[in-house]
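Chemist: Sharing a structure below in structure tokens format, with a few things to ask.
The values are calculated or read from the model by the stated rules, or taken from the named source; none is laboratory data. What you are looking at is a predicted structure, and each value in this text was computed from that prediction instead of being measured. Every residue, glycine as well, gets a Cβ built from its backbone with ideal geometry; the counts of neighbours run over all protein chains shown. The area values use the complete protein model at the heavy-atom level, side chains included, leaving out ligands, DNA and RNA. Shrake-Rupley method; radii C 1.70, N 1.55, O 1.52, S 1.80 Å.
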Amino acid sequence: MIMILPSLLIKVKIHKLFRNISTSKYFFSEELNVHRDTKDNNADTPFEFSEANVKRLSAIIQNYPEGFQRSALSAAMDIVQRQIGWVPISAMHKVAEVLSIPRMRVYEWATFYSMIKRRYRGKYNVKVCVTTPCMLRGADTILQVVEETTLCCTGGVSADGMFGVDIVQCQGACVNAPVIVVDDDYYEDVNECDVHNIIQTLRCGRIPPWGPQSDRFTSEPITGKTTLIEEPPPPGFGLQPSLFSPV
Ligand code: FES
């Protein structure tokens, strides 16, 4: 018995080492959280706010009390991205300068929120949601079709610069899964054919109608409403008579 035990243990260990392990598809994080200087993205990359955006940003800063300009950080980053399509580190430095905050505050913001593109992501940035509800409704097939139709791998930019494809986590539209997002527009309930049509329409320079691509209205059941179908009660319904103010 004493002799058998060690060999049995070795067998169990070897079995554990070589057993088949089933996992779901493995995705690397789509963005590196640290900045690495590149030829196109470094502290000397030229960036200045356009004249219109200087006015826009100063109007937004006026909304906050003196000393609290940092509250305009999200708006400032959004303005940068809408101006040039992405946010290089030199633009982050500019934002820090305009808002009089440490650069680190801007870096923290930029590495936390995934809506900011820290590198050029094509004319159209196609984001495919791969969180559980979308996955259960075929997001992996949708991602594959997106890659095939855009001729672009996840994390890359197509050779013609038209499309950048990214995977993202829940976009808050799970009830209409699977979901893809192109810049600001949500395309929901998409199937392979819808993805193909959306990409081809974008390629022709037109914006396809956003929202559910199925026949349903917003997130209602496809067969129509099943609740809240009666007329809503008027204001004051159910109030105690003593609470009505005298006319
Ligand atoms: S899981 Fe895809 S939108 Fe929520």
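Chemist: Scan the stretch 90-110 for residues that are within 19 Å of PRO65 (Cα to Cα) and in contact with a Phe, Trp or Tyr (Cβ under 8 Å, 6 or more places away or on another chain) and jot them down.
Modeler: Passing the criteria: only VAL98.
Chemist: Can you tell me which residue in the stretch 146-201 is farthest from the ligand (Cβ to nearest atom), limited to those that are in contact with a Pro (Cβ under 6 Å, 6 or more places away or on another chain) and either of a type in the set (D, E, K, R) or assigned by TED's automatic domain parsing to the domain that holds ARG82 (or both)?
Modeler: ASP189
Chemist: Just the residues that are among the polar types (S, T, N, Q) and assigned to a loop (DSSP other than H, G, I, E, B), please, taken from the stretch 57-96. Give the steps one after another, and end with the answer.
Modeler: Here is the first cut: in the stretch 57-96, the residues among the polar types (S, T, N, Q) are 58, 62-63, 69, 71, 74, 81, 83, 90.
Scanning the stretch 57-96 gives GLN62, ASN63.
Residue by residue, here is whether (1) at pLDDT below 95; (2) outside the structural domain of ILE207 (by TED's automatic domain parsing); (3) touching a helix residue (DSSP H, G or I) at 6+ places or on another chain (Cβ under 6 Å); (4) within 28 Å of ALA177 (Cβ to Cβ) holds:
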residue: PRO65; (1), (2), (3), (4): yes, yes, no, no
residue: PHE68; (1), (2), (3), (4): yes, yes, no, no
residue: LEU99; (1), (2), (3), (4): no, yes, yes, no
residue: MET135; (1), (2), (3), (4): no, no, no, yes
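Chemist: Follow-up question, since we're still on this one. Testing LYS55 on (1) of a type in the set (Lys, Arg); (2) surrounded by 14 or more Cβ atoms within 10 Å (Cβ to Cβ); (3) more than 16 Å from the ligand (Cβ to nearest atom), one condition comes back false. Which one is that?
Modeler: Condition (2) is where LYS55 drops out.
Chemist: Still on this model: Within the stretch 125-145, can you find the residues that are more than 8 Å from the ligand (Cβ to nearest atom) and on the phi < 0 side of the Ramachandran plot?
Modeler: Of the stretch 125-145, the ones more than 8 Å from the ligand (Cβ to nearest atom) are 125-128, 136-138, 140-145.
Result: ASN125, VAL126, LYS127, VAL128, LEU136, ARG137, ASP140, THR141, ILE142, LEU143, GLN144, VAL145.
Chemist: Residue under question is SER114, and the condition is that it be among the small types (Gly, Ala, Ser), within 14 Å of the ligand (Cβ to nearest atom) and open to solvent by 30 Å² or more (accessible area, probe 1.4 Å); does it hold?
Modeler: Values: among the small types (Gly, Ala, Ser): yes; within 14 Å of the ligand (Cβ to nearest atom): yes; open to solvent by 30 Å² or more (accessible area, probe 1.4 Å): yes.
So SER114 passes the test.
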